[in-house]
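S.K.: Below is one structure. I have some questions about it.
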Amino acid sequence: MIIRMKKDVREEDIKKVEDRIKEVGLTSSISRGANLVIIGVIGDITLLSPDLIEEIPGVDSIMRVSRPYKLVSREFCPTDRSVRIGDVKIGGGSFTVIAGPCAVESKDQMIDSAKIVKSLGGDMLRGGAFKPRTSPYDFQGLGEEGLKYLKEASLETGLPFVTEVTGENKIDVVMEYADMLQIGARNMRSYDLLKKIGEATSVNKMPVLLKRGDNATLEEFLNAAEYLAKEGNENIILCLRGIRTFECGKFVRNTADIGMIPVLKKETGLPVLFDPSHSAGKRHLVIPYSLAAVGAGADGLLVESHCDPESARCDGQQSLFEEELGKTINLCKKVYADLQAV
Ligand code: PEP
Ligand code: MN
């Protein structure tokens, strides 16, 4: 249920609505736009009689949310949302490029890769310290040591960083170092992990980047985001990264779900990033996919780049060389700005 308040609503009336929701054992979440206040009711709404709410002055209308996900829906928050990570703003009218290696491999590799991202105008760093690998024999990441190198690279360049949390027992240590948490495609359906991350970040509101599972519907994806929002953290960034279809393996790693960008943006005000690297699986496809994503309305990219892609221990075939990363950043930021101007 969504309660829309009148334009000139008084704070005391907002409080009355919140109190009434609390009295029947439900929780509320408030969305404040420039001139619109909306209160979302979370829980079994049959416990709350609409009459009890309607009589409060300042209440404009009550609507049932038609979607299974509520807090992340456009109905609840009609305006575009943005998420701040230090000086970086994702969503709400800017194009953000997060770049860096698939995995942190050594201090030098991370620092060299970070300096390249910085020098080319990238906004944030990426790098996996804990890697979810398909084969147990593949490089699993450097763990906490990797987080330390990420932090050093971040301090050296001034770029904040995102890194993946692969399990509940990694949340605390990753939060100690990172500026933004990543939930990978494989874990989009790990509901206990989503709840725990939502809970752990509900106080400091550390942003969470959630990737779409490779066989998840958009509704399942948005419901996964709802798990985080329900625990009290609305600083969520969605990331499309390609899905499994019959056309996966020979020519492309996944099928780029670029067409879902405008669909997602219609359903939710959350920022939407695109990951061309895991969609393509091949370096030569990263620039065209990135440009297509900008055209489709993405708020930014999560892209793999490396100081020496040929020596990468993980996903080297899809990691950009310096020159290609430069082209990607310049072209995408230019096209984004041109599109904003029309
Ligand atoms: C990654 O971004 O490093 C990653 C493992 O991606 P995904 O979860 O999309 O496979
Ligand atoms: Mn990767």
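The values are calculated or read from the model by the stated rules, or taken from the named source; none is laboratory data. What you are looking at is a predicted structure, and each value in this text was computed from that prediction instead of being measured. In this analysis, Cβ positions are derived from the backbone assuming ideal geometry, glycine residues included, and neighbour counts consider all displayed protein chains. Surface areas here come from the heavy atoms of the whole protein model, side chains and all, with no ligands, DNA or RNA. Shrake-Rupley method; radii C 1.70, N 1.55, O 1.52, S 1.80 Å.
S.K.: If the convex hull of the alpha-carbon atoms of the chain is projected onto planes in all directions, what is the mean projected area in square nanometres? Write out the running numbers ahead of the final one.
M.R.: Values: hull surface 70.8 nm².
With every direction weighted equally, the projected area is 17.7 nm².
S.K.: Next question, about the same structure. Send over a whole-number figure in Å² for the accessible area per residue of the stretch 209-342, probe 1.4 Å. Walk me through the numbers on the way to the answer.
M.R.: Working: 5340 Å² over 134 residues.
Computed with neighbouring chains in place, this is 40 Å² per residue.
S.K.: Got a sec? Charge dipole of the stretch 1-80, +1 on Cβ for Lys and Arg, -1 for Asp and Glu; which of 69, 1, 29 is way out at the positive end?
M.R.: Of 69, 1, 29, it is 69.
S.K.: Sort 23, 145 by heavy-atom solvent-accessible area, probe 1.4 angstrom, most to least.
M.R.: Working: 23 140, 145 90 Å².
Largest accessible area first, the list is 23, 145.
S.K.: If I measure Cβ to Cβ between cysteines in the chain, which ones have no partner under 4.7 Å?
M.R.: Flagged as lacking a Cys partner: 77, 239, 248, 307, 332.
S.K.: What FRET efficiency comes out for the pair residue 135/residue 8, r = Cβ-Cβ distance, R0 = 45 Å, nearest 0.05? Present the calculation step by step, with values, prior to reporting the outcome.
M.R.: Working: r = 61 Å, r/R0 = 1.36.
For R0 = 45 Å, the calculated efficiency reads 0.15.
S.K.: Given N residues in the stretch 120-188, what is its alpha carbon radius of gyration divided by 2.2 N^0.38 Å? Provide the component values of the computation, followed by the final result.
M.R.: Numbers: Rg = 12.1 Å, N = 69, 2.2 N^0.38 = 11.0 Å.
In units of the 2.2 N^0.38 Å rule of thumb, it is 1.10.
S.K.: Still on this structure: Contour minus end-to-end for residue 321 and residue 191, with contour as 0.36 nm per residue of separation and end-to-end as the Cα-Cα distance? Present the calculation step by step, with values, prior to reporting the outcome.
M.R.: Working: separation 130, 0.36 × 130 = 46.80 nm, distance 3.62 nm.
Net length gain for the segment: 43.2 nm.
S.K.: Placing unit charges on C-beta atoms (Lys and Arg positive, Asp and Glu negative, everything else neutral), compute the dipole magnitude of the stretch 145-292 about its Cα centre in debye, rounded to 20. Mind showing how you got there, number by number?
M.R.: Values: 19 positive and 20 negative charges, 113 e Å.
The dipole magnitude comes to about 540 debye.
S.K.: Out of 242, 207, 177, whose Cα points farthest toward the positive end of the dipole of the stretch 177-275 (charges: +1 Lys, Arg; -1 Asp, Glu; placed on Cβ)?
M.R.: About the Cα centre, the residue reaching furthest to the positive side is 242.
S.K.: Related question: Quick check for me: using +1 on Lys/Arg Cβ and -1 on Asp/Glu Cβ, what's the dipole size of the stretch 7-99 about its Cα centre, in debye to the nearest 20?
M.R.: Working: 14 positive and 15 negative charges, 102 e Å.
For the stretch 7-99, the charge dipole is close to 500 debye.
S.K.: If you don't mind, another one. Using unit Cβ charges (K, R positive; D, E negative) and no other charged atoms, how large, in debye to the nearest 20, is the dipole of the stretch 269-320 about its Cα centre?
M.R.: Using Cβ point charges on Lys, Arg, Asp and Glu, the stretch 269-320 gives about 120 debye.
S.K.: What is the packing order of peptides 296-308, 3-15, 228-240, 37-49, taking the mean over residues of other C-beta atoms within 10 Å and listing the highest first?
M.R.: So the peptides 296-308, 3-15, 228-240, 37-49, ranked by packing, come out 296-308, 228-240, 37-49, 3-15.
S.K.: Size of the stretch 4-146 along its principal axes in angstrom, Cα-based, largest extent first?
M.R.: Largest first, the stretch 4-146 extends 64, 35, 24 Å along its Cα principal axes.
S.K.: Restricting attention to the stretch 251-342, which trypsin sites (Lys or Arg not before Pro) occupy a DSSP loop and are surrounded by at most 12 other Cβ atoms within 10 Å? Show your work: numbers first, answer last.
M.R.: Numbers: sites: 253, 265, 266, 282, 283, 313, 327, 333, 334; in loops: 253, 282, 313.
Passing sites in the stretch 251-342 do not exist.
S.K.: Now for a separate question. Scanning the chain for chymotrypsin sites (Phe, Trp or Tyr not before Pro) in DSSP loops with at most 13 other Cβ atoms within 10 Å, what's the longest stretch left with none?
M.R.: 1-136
S.K.: Compute the length gained on full extension between residue 311 and residue 74: take 0.36 nm times their separation in residues and subtract their Cα-Cα distance, giving the result in nm to one decimal. Intermediate values should be presented prior to the final figure.
M.R.: Details: separation 237, 0.36 × 237 = 85.32 nm, distance 4.40 nm.
That works out to 80.9 nm of additional length.
S.K.: List, in order, the whole-Hz ³J(HN,Hα) value for each residue of the stretch 36-45 obtained from phi through the Karplus relation with A = 6.51, B = -1.76, C = 1.60 and θ = phi - 60°; use x for Gly and Pro.
M.R.: For the stretch 36-45, the Karplus-derived couplings read 9, 10, 10, 10, x, 9, 10, x, 6, 6 Hz, x marking Gly and Pro.
S.K.: Which number comes out as Rg/Rh for the stretch 167-272 once both Rg and the Kirkwood Rh are worked out on C-alpha atoms?
M.R.: On the way: Rg = 14.1 Å, Rh = 14.2 Å.
Checking Rg against Rh, the ratio lands at 0.99.
S.K.: Quick one: of 205/266; 148/250; 131/250; 70/205, which pairs are farther than 28 Å apart, Cα to Cα? Each step should come with its number before you reach the end.
M.R.: Numbers: 205/266 24 Å; 148/250 37 Å; 131/250 24 Å; 70/205 19 Å.
With Cα atoms farther than 28 Å apart: 148/250.
S.K.: Continuing with this model, one more query. Hey, can you grab everything whose amide H is under 5 Å from the amide H of residue 96? Only 5+ residues off in sequence or another chain; H modelled, so Pro and N-termini drop out.
M.R.: 91, 300, 301
S.K.: Cα centroid distance between the stretch 300-330 and the stretch 229-264, in Å?
M.R.: 19
S.K.: Can you give me the % of accessible surface on the chain that is carbon or sulfur? Probe 1.4 Å, all protein chains present, nothing else counted. Don't skip to the end; give the middle numbers.
M.R.: Working: 7410 of 14860 Å².
Carbon plus sulfur share of accessible area: 50 percent.
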